[in-house]
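Visitor: Mind having a look at this structure? Questions to follow.
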Amino acid sequence: MNNQKVTFKTEKELQKAILKEKAKGTPDLVIGQKYGVTYRYIERLIIKSQGVNISTLNIPKIIKDLFPKDFKEEQTTVWSFKRRGNWATHGGEYRGNWSPYIPRNVILKYSKPSELVLDYFCGSGTTAVECKLLGRRCKALDINDKAIELAKKNVSFDLESKKFTLNNDKIYSHFYEPELSVGDARDLSFLDNNSIDLICAHPPYANIIHYTDSKEGDLSFFDIDEFLNEIAKVAKESFRVLKPGRQCAILIGDTRRKKHVIPLGFKLINVYLDAGFKLRELVIKRQHNCKTTGFWYANSVKYNFLLLAHEYLPIFEKPGSIVPSIIRERGVDYDLFIPTIEKPPLKRKLDEFETTTVWVLPEKDFEERLNKNVIDRYSNGDGFLTITFHSHSKHETSFTEKKEKKNNGLLFIKLPFLSNNLSYSNINFYLQEIKEIVNRDLPNVYEGGFVVIQTGDVRINGYLEPLAKRVVDMITISNLWLREVVIVTKENIKLDNIATDNEKYLRISHQYLLILKKIN
């Protein structure tokens, strides 16, 4: 391949050549190599010329199917779609838009036919298309008029005025044309209080992918703190317009700064909780476009970083009634979790390290593989201290005090299994124990070493308690920096034993590893 760069006398000639290449469908990587430009340069040029951030130009859409084949609703908290989904007018040309499987699942789980769904980050209209297909009314808005133009094209397909079936048991006899308009998610004054049945939206991530040519109010240009301040206005309006007892689903991902993760997902959850919402579910959306072999694998191990491979889909709920500030709880066993210093079981040998932020491990030796990945990667071959929380019913011993080795490379705190029969007092006690362990044992971890905390989410009184988020919020030690948030789940989770009375909730099927690095 000839990597010699093509040069031009003027930038205008260069831009004209790039747009011509884009019209032919030439990949951005090839364009960058040929003309010596960056991805961001190509992105800005496309936005300036088209008014919208898209990856392909003038590609006509041919509808082959109106519904996904062999579709089944998700039943666990880890959603993984190997294929993006290309039924109806769905496609991936609008940069950063979400897979249609996500709004399809949300709409089916949390709304009924003819109910009103709101998407205030419309983009290319993925949610609006799904609402039309599933017999829901939809109001969708976007601050970019060019995005609304694109969305109107995508929803303007003909359903031929006949009934369509889904999974052979749901029939939609009435279909509604989505109402699309230019608007600002921070100002929903055109909507009445308590008028929306479901909110389903995918906001831009703080200053990562830009969607307009620096249009005023475009949240994709705000950096993290400003972004969260503006999202707070969106959350407040969302709470106002949503009906009590109904849901609001928001897809959000983390980002990186200086080789460390910024937990944007957890920060957004806090914003919506502060607006008055409760957390009904916390879904993990797994990404499949992460290269983990060859160059990427070698560098992941060499530089000890993981490729971001997950996003969060918190499902918020507007409480149907005012939640009392003091909830009467049953008697609390404060010794429910007992921290014990122990040598964890390890897999004898790994074929290779996990290199993304989603670890899917076999059920047979799940903990052994997890422990081996953590200890071999983050102890740097030096000493480590592992403290595991055990259920009081299984271990009647108290905390085991041992002479601790100085200058460990790793402090590993584990809570492998969590019950949904916990109270808020149990959770607060557990969090306080973690805080005390970190404060006590961090001096024994040398600079550049790691603290790894294994934890998970639990459900209390019908709502989710996001313990990983709570731990991140709690640990504010100045010389501990969050390096990674890892999602761990098991292969081939069996769903046959889900209790009937829990069918309205998703089965919690993931845990977290919070990787914190000790710095100067």
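Residues are listed down the side, and each one gets a yes or a no for (1) touching a residue at least 40 places away in the same chain (Cβ under 8 Å); (2) of a type outside the set (Ser, Thr, Tyr):
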| residue | (1), (2) |
| --- | --- |
| Asp70 | no, yes |
| Ser80 | yes, no |
| Trp87 | no, yes |
| Trp98 | yes, yes |
| Tyr101 | no, no |
| Asn105 | no, yes |
| Ser111 | yes, no |
| Asp119 | yes, yes |
| Ala128 | yes, yes |
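Visitor: Then there is this: Please indicate, with yes or no, whether at least one residue in region 470-488 is among the small types (Gly, Ala, Ser), out of contact with any helix residue (DSSP H, G or I) (no Cβ under 6 Å at 6 or more places or on another chain) and modelled with pLDDT of 95 or more.
Guide: No, every residue in region 470-488 fails to be among the small types (Gly, Ala, Ser), out of contact with any helix residue (DSSP H, G or I) (no Cβ under 6 Å at 6 or more places or on another chain) and modelled with pLDDT of 95 or more.
Visitor: Only one of Ile63, Ile18 is modelled with pLDDT under 80 and either under 28 Å from Leu313 (Cα atoms) or outside the structural domain of Glu281 (by TED's automatic domain parsing) (or both); which?
Guide: Ile18
Visitor: Looking at region 277-296, which of its residues are at pLDDT below 95 and either assigned to a strand (DSSP E or B) or surrounded by 16 or more Cβ atoms within 10 Å (Cβ to Cβ) (or both)?
Guide: Arg286, Gln287, Cys290 - these are the residues of region 277-296 that are at pLDDT below 95 and either assigned to a strand (DSSP E or B) or surrounded by 16 or more Cβ atoms within 10 Å (Cβ to Cβ) (or both).
Matching residues to (1) within 26 Å of Ala309 (Cα to Cα); (2) surrounded by 11 or more Cβ atoms within 10 Å (Cβ to Cβ); (3) at pLDDT below 85:
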site: Lys347; (1), (2), (3): yes, yes, yes
site: Lys364; (1), (2), (3): yes, no, no
site: Lys394; (1), (2), (3): no, no, yes
site: Lys402; (1), (2), (3): no, no, yes
site: Asn407; (1), (2), (3): no, yes, yes
site: Phe412; (1), (2), (3): yes, yes, no
site: Leu415; (1), (2), (3): yes, yes, yes
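Visitor: Arg95: under 24 Å from Val234 (Cβ atoms) and modelled with pLDDT of 90 or more, yes or no?
Guide: Against the criterion (under 24 Å from Val234 (Cβ atoms) and modelled with pLDDT of 90 or more), Arg95 does not qualify.
Visitor: Going through region 256-281 one residue at a time, which ones are touching a Phe, Trp or Tyr at 6+ places or on another chain (Cβ under 8 Å) and of a type in the set (Lys, Arg)?
Guide: Scanning region 256-281 gives Lys259, Lys278, Arg280.
Visitor: Scan region 291-300 and give yes if some residue there is within 30 Å of Asn194 (Cα to Cα) and not aromatic (Phe, Trp, Tyr), otherwise no.
Guide: First, pick out the residues of region 291-300 that are within 30 Å of Asn194 (Cα to Cα): none.
Looking through region 291-300, none of the residues is within 30 Å of Asn194 (Cα to Cα) and not aromatic (Phe, Trp, Tyr).
Visitor: Considering region 345-360 alone, what residues qualify as being β-branched (Val, Ile, Thr) and touching a Lys or Arg at 6+ places or on another chain (Cβ under 6 Å)?
Guide: Val358
Visitor: Here's a check for you: in region 503-520, which residue that is surrounded by fewer than 18 Cβ atoms within 10 Å (Cβ to Cβ) and over 23 Å from the mean Cα position of the chain (by Cα) is modelled with the highest pLDDT?
Guide: Ile519
Visitor: Taking only region 424-464 into account, find how many residues are in a helix (DSSP H, G or I) and within 18 Å of Thr386 (Cα to Cα).
Guide: Our first condition is that a residue be in a helix (DSSP H, G or I); within region 424-464, this holds for 424-444.
If we keep only those that are within 18 Å of Thr386 (Cα to Cα) too, we end up with 430-444.
Of the residues in region 424-464, 15 are in a helix (DSSP H, G or I) and within 18 Å of Thr386 (Cα to Cα).
The values are calculated or read from the model by the stated rules, or taken from the named source; none is laboratory data. Being a predicted model, the structure only gives us computed values, none of them experimental. Glycine also receives a Cβ, built like all others from the backbone with ideal geometry; neighbour counts cover every protein chain displayed.
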